[in-house]
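> Below are the structure tokens for one structure; questions will follow.
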């Protein structure tokens, strides 16, 4: 079972995320390698926001391939290169997550594996065995 919490003893989340998710009982865990904004054919959009949308879509495709849903994602880590408009970023993430609030970390870095890449997303997902 997954239990989400924002303890009253620390500050409220500053974006759409949750401070902690506790898991108990039998679960299936999925750990993804960093997903980038790259199409199946290897092309990379020039726009960082398009890369963000595509990286999140690649996370979703991975999760679905494991017979899980976006709502099973427990943690997202974003690695961003350069400036990302905060409002556009929040809109894109809101479209991806809906009402779901995973734990989240956002890190600005100097570069990723290729100069063309501006975003990479790590993800962890957990699904209770009785919901499989």
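> Looking at 84, 78, which one is assigned to a loop (DSSP other than H, G, I, E, B) and surrounded by 15 or more Cβ atoms within 10 Å (Cβ to Cβ)? Step through it out loud before you land on a result.
Details: 78 fails: assigned to a loop (DSSP other than H, G, I, E, B).
Every option except 84 fails the conditions.
> Applying the selection to the range 26-68, what residues are surrounded by fewer than 11 Cβ atoms within 10 Å (Cβ to Cβ) and assigned to a helix (DSSP H, G or I)?
The answer is 65, and nothing else.
> Checking residue 22 against (1) exposed (fewer than 11 other Cβ atoms within 10 Å of the Cβ); (2) in contact (Cβ under 8 Å) with a residue 12 or more places away in the chain; (3) in a loop (DSSP other than H, G, I, E, B), which single condition isn't satisfied?
With (1) exposed (fewer than 11 other Cβ atoms within 10 Å of the Cβ); (2) in contact (Cβ under 8 Å) with a residue 12 or more places away in the chain; (3) in a loop (DSSP other than H, G, I, E, B) applied to residue 22, the lone miss is (3).
> Residues to consider are 37, 25, 42; find the one that is at positive phi and in contact with a strand residue (DSSP E or B) (Cβ under 8 Å, 6 or more places away or on another chain).
Working: 37 fails: at positive phi; 42 fails: in contact with a strand residue (DSSP E or B) (Cβ under 8 Å, 6 or more places away or on another chain).
Just a single option satisfies the conditions, and that option is 25.
Each row is one residue, and each column tells you yes or no for (1) under 16 Å from the mean Cα position of the chain (by Cα); (2) over 13 Å from residue 123 (Cα atoms); (3) at pLDDT below 95.
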{"position": "9", "(1), (2), (3)": "no, yes, yes"}
{"position": "18", "(1), (2), (3)": "yes, yes, yes"}
{"position": "54", "(1), (2), (3)": "yes, yes, no"}
{"position": "69", "(1), (2), (3)": "yes, no, no"}
{"position": "75", "(1), (2), (3)": "yes, no, no"}
{"position": "80", "(1), (2), (3)": "yes, yes, no"}
{"position": "100", "(1), (2), (3)": "yes, yes, no"}
{"position": "108", "(1), (2), (3)": "yes, yes, no"}
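> Looking at the range 115-132, which of the residues that are part of a loop (DSSP other than H, G, I, E, B) and at pLDDT 95 or above is farthest from residue 89 (Cα to Cα)? Can you show your working first?
As a first pass, look at the range 115-132 and keep what is part of a loop (DSSP other than H, G, I, E, B): 115-118, 132.
Then drop every residue that is not at pLDDT 95 or above, which leaves 115-118.
Details: 115: 20, 116: 19, 117: 16, 118: 13 Å.
That would be 115.
The values are calculated or read from the model by the stated rules, or taken from the named source; none is laboratory data. Nothing here was measured: the structure is a model prediction, and the numbers come from that model. Virtual Cβ from ideal backbone geometry, glycine too; neighbours counted across all protein chains shown.
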